[in-house]
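Okay, so here's the structure we're looking at.
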Amino acid sequence: MAITGIVMMAYADGFHGDSIIGVAYAVGSASTSALYKVLFKMFLGSANFGEAAHFISTLGFFNLIFISFTPVILYFTKVEYWSPFSAVPWGYLCGVAGLWLAFNILVNVGVVLTYPILISIGTVLSVPGNAAVDLLKHEVIFSVVRLGATIIICTGFLLMLLPEEWDEITLRFINSLKEKKSEDHAEDITDSSVHTRSRSRANGTVSIPLA
């Protein structure tokens, strides 16, 4: 559902070369993020505070080693060209880096210190929060398609909040409703039979009600 919402967002902006590349990057980012979270849960499970802090530190160290030299290689192979340092928007870059660091710390450590559902709800609220910033600051006009895409993405996040055994819980709930309905129906039949027998005795006749 999140991927569908992303494609709808690109459709609202009009499909062109840059938007298709952006959709591909967004889908790839969402897929690798999902893989990372599943592997984290598979190998670490419910980590405590120390394990979460150690994992984040190790992850940052490996990113520094294996990713930091990538821009250097692209520069010397003439794939990318670096702008003058004075032309780089350092304020925006440092702000994004700080917010991204705070996000990772709050998500990974917050799950340990608080409740996972609280962190998940905060992640869900980030989607309409970003939409509100676009609407107020950048004056982005939300069309019906863009609004529908936002709702679909939020719904996909909300589905992730369901417990792992949600299908079994739902089936048990439906079966309990059916059993309660059948019991009420049997009680209604019993009450009707007793009422019919009482009226028959009062009239001096004998009636055998059908089950």
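Let me know the shape class of region 96-181, please: from the alpha-carbon gyration tensor, a ≥ b ≥ c as square roots of the eigenvalues, rounded when a/c is under 1.5, otherwise prolate if a/b is greater than b/c, or oblate. Don't jump to the answer; show the numbers that get you there.
Numbers: a/c = 4.36, a/b = 1.50, b/c = 2.90.
Here region 96-181 falls in the oblate category.
Rolling a 1.4 angstrom probe over the protein heavy atoms, how many square angstrom per residue are accessible across region 81-129? Mind showing how you got there, number by number?
Values: 3750 Å² over 49 residues.
Normalised by residue count, the accessible surface of region 81-129 is 77 Å².
Can you divide the C-alpha Rg of region 1-139 by 2.2 N^0.38 Å and report the result to two decimal places?
Numbers: Rg = 18.1 Å, N = 139, 2.2 N^0.38 = 14.3 Å.
Here the Cα radius of gyration is 1.26 times the empirical estimate.
Between Lys137 and Leu161, what FRET efficiency comes out of the Förster formula 1/(1 + (r/R0)^6) with R0 = 35 Å and r the beta carbon distance, rounded to 0.05? Display every interim value, and only then the final one.
Working: r = 29 Å, r/R0 = 0.82.
Step by step, r from the Cβ atoms, then E = 0.75.
Please go through region 52-155 and write out the trypsin sites (Lys or Arg not before Pro) that DSSP classes as loop and that have at most 10 other C-beta atoms within 10 Å. Before the final figure, lay out the partial values.
Values: sites: Lys78, Lys137, Arg146; in loops: Lys78, Lys137.
Answer by residue number: Lys78, Lys137.
Rolling a 1.4 angstrom probe over the protein chains, ignoring ligands and nucleic acids, what is the accessible area of Asp167 in square angstrom, nearest 10?
70
The values are calculated or read from the model by the stated rules, or taken from the named source; none is laboratory data. Predicted, not measured: the structure shown is a model, and the values here were computed from it. All Cβ positions, glycine included, derive from the backbone under ideal geometry; neighbour counts span all protein chains shown. Just so you know, the surface numbers come from the protein's heavy atoms only, side chains and all, with ligands and any DNA or RNA stripped out. Shrake-Rupley method; radii C 1.70, N 1.55, O 1.52, S 1.80 Å.
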